[in-house]
Amino acid sequence: MLASTTDRRGRALRDLRISVTDRCNFRCVYCMPKEIFGRDFAFLPREQLLSFEEIVRIARAGIAHGVHKLRLTGGEPLLRRDIEELVRLLAQLCTPEGEPLDIAVTTNGSALAHKAAALREAGLNRVTVSLDSLDDATFRAMNDIDFPLERVLDGIRVAREVGFDAIKINTVVKRGVNDDDVTAIAERFKGTGITVRFIEFMDVGTTNGWNLDQVVPSAEVIARIDAVHPLEPIPPAYPGETATRWRYRDGDGEIGVISSVTQPFCGACTRARLSADGKLFTCLFAARGHDLRTLLRSGCSDVEIEDALVGIWSGREDHYSELRSAETSHAERIEMSYIGG
Ligand code: SAM
Ligand code: SF4
Ligand code: SF4
């Protein structure tokens, strides 16, 4: 059995987030503002995207060195043609101990009704759907393409029908935009087995106009919900879980909060991120990634990919969220839609 690889702060490599496209049909105001991601924006040309076989080779190298969880993201991952075929290939892999992997997707849900059955059949384990409001007008304004709420709710319904039982909802909370919707979202999914996770608006990338005044601290989200539906904290489901968990005292399920601004969790960050064009990033806030595509396309062996991965991870020092300040918020860094969250 190969030992798990640790970085310079003693953190193991456990999760690999794979961005399969930098394109998206939404223009969420906090992620791909229209003014920047307009008609002239230069997305990656097709030949620069990793093929499914290339993605699988990198995933396999990661798995040999500790990766247990794979998450497909983007851009919008369900826009990548034949995405279920990639799921099928990844679902055939297992850990060196012979355990199956945990394979998840994060999606805006716009194509979920159409894709859920094929993804399930291909071996996808879990689905996370991003949903920022249950008010149709607010939802349309936040995705900024006038996409109707009902179609995403339909996607969630179909995902349940085809057998996904560990569905999560991601809600990014932005002050003055959807903070008044928090309790309604919690209520909608309370008692359904679907867990909502409220995410603090982050200063990812440099185009979303982030400032601290727009961040709603998780403590405030919890206080709002707790005032109506009493909550109590519960321990993490596994070490390094990004969300802090709270359960309803009446036993009707749980919610989570992801507090990367007010309570950074870099000390337990075990995630590597692979961009759609094959660059490996060791932090969401990095300015640059490590190019694995050139290595792959030079005809390298699997051992060479593993060596590159181990070299990158063992040199990792990142802990951006612990350092966040007025100065760092102006630093160069990649966009969320490129690296996938
Ligand atoms: N398009 C897919 C989606 O929206 O689920 C996957 C990619 S998206 C970049 C991944 C997650 O990042 C989504 O849940 C989204 O809400 C979240 N996200 C994007 N920009 C963010 C920001 N500035 N702060 C916090 N979360 C953000
Ligand atoms: Fe697209 Fe997801 Fe970014 Fe929204 S958050 S613009 S759906 S990539
Ligand atoms: Fe991980 Fe970087 Fe986020 Fe810290 S700031 S939790 S190191 S991705």
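Values computed for the structure shown
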{"read-out": "Residue list for region 241-260, restricted to those being within 15 Å of the chain's Cα centre (by Cα) and not β-branched (V, I, T)", "value": "E241, A243, G256, S259, S260"}
{"read-out": "Residues within region 248-262 that are open to solvent by 60 Å² or more (accessible area, probe 1.4 Å) and either among the aliphatic types (A, V, I, L, M) or closer than 14 Å to F198 by Cα (or both), tallied", "value": "1"}
{"read-out": "Region 106-127, subset of a type in the set (A, V, I, L, M) and assigned to a loop (DSSP other than H, G, I, E, B), residue farthest from ligand 1 (Cβ to nearest atom)", "value": "L124"}
{"read-out": "All positions within region 205-221 that are hydroxyl-bearing (S, T, Y) and at pLDDT below 95", "value": "T206, T207"}
{"read-out": "Subset tally (residues that are closer than 28 Å to L101 by Cα, within 12 Å of ligand 2 (Cβ to nearest atom) and open to solvent by less than 30 Å² (accessible area, probe 1.4 Å)) for region 22-68", "value": "2"}
{"read-out": "Test: residue in region 185-208 that is within 21 Å of the chain's Cα centre (by Cα), assigned to a helix (DSSP H, G or I) and among the aliphatic types (A, V, I, L, M)", "value": "yes"}
{"read-out": "So A237, is it farther than 20 Å from S321 by Cα and in a loop (DSSP other than H, G, I, E, B)", "value": "yes"}
{"read-out": "Candidates R224, R247, R273, filtered to the one that is modelled with pLDDT of 95 or more, away from ligand 2 (no atom under 16 Å from the Cβ) and in contact with a helix residue (DSSP H, G or I) (Cβ under 8 Å, 6 or more places away or on another chain)", "value": "R224"}
{"read-out": "All positions within region 177-207 that are closer than 22 Å to R333 by Cβ and open to solvent by 20 Å² or more (accessible area, probe 1.4 Å)", "value": "I199, M202, T206, T207"}
{"read-out": "L284 vs. criteria modelled with pLDDT under 95 and buried (at least 20 other Cβ atoms within 10 Å of the Cβ)", "value": "yes"}
{"read-out": "Selection count, region 79-119, where residues are open to solvent by 10 Å² or more (accessible area, probe 1.4 Å) and within 12 Å of ligand 2 (Cβ to nearest atom)", "value": "5"}
{"read-out": "Lone qualifier among R27, R39, R23, R9 - being modelled with pLDDT under 95 and more than 28 Å from S301 (Cα to Cα)", "value": "R39"}
{"read-out": "Single unsatisfied condition, A12 versus (1) touching a residue at least 40 places away in the same chain (Cβ under 8 Å); (2) among the hydrophobic types (A, V, I, L, M, F, W, C); (3) surrounded by fewer than 21 Cβ atoms within 10 Å (Cβ to Cβ); (4) within 16 Å of ligand 2 (Cβ to nearest atom)", "value": "(4)"}
{"read-out": "Residues of region 145-181 satisfying the condition of being part of a helix (DSSP H, G or I) and either over 30 Å from G38 (Cα atoms) or of a type in the set (K, R) (or both)", "value": "R151, R157, V158, A159, R160, E161"}
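The values are calculated or read from the model by the stated rules, or taken from the named source; none is laboratory data. Since the structure is predicted, the reported quantities are computational estimates derived from the model, not experimental observations. Here Cβ is always computed from backbone atoms with ideal geometry, including for glycine, and neighbour counts include all displayed protein chains. The protein model used for the area step is the full one, side chains on, heavy atoms only, and it has no ligands, DNA or RNA in it. Shrake-Rupley method; radii C 1.70, N 1.55, O 1.52, S 1.80 Å.
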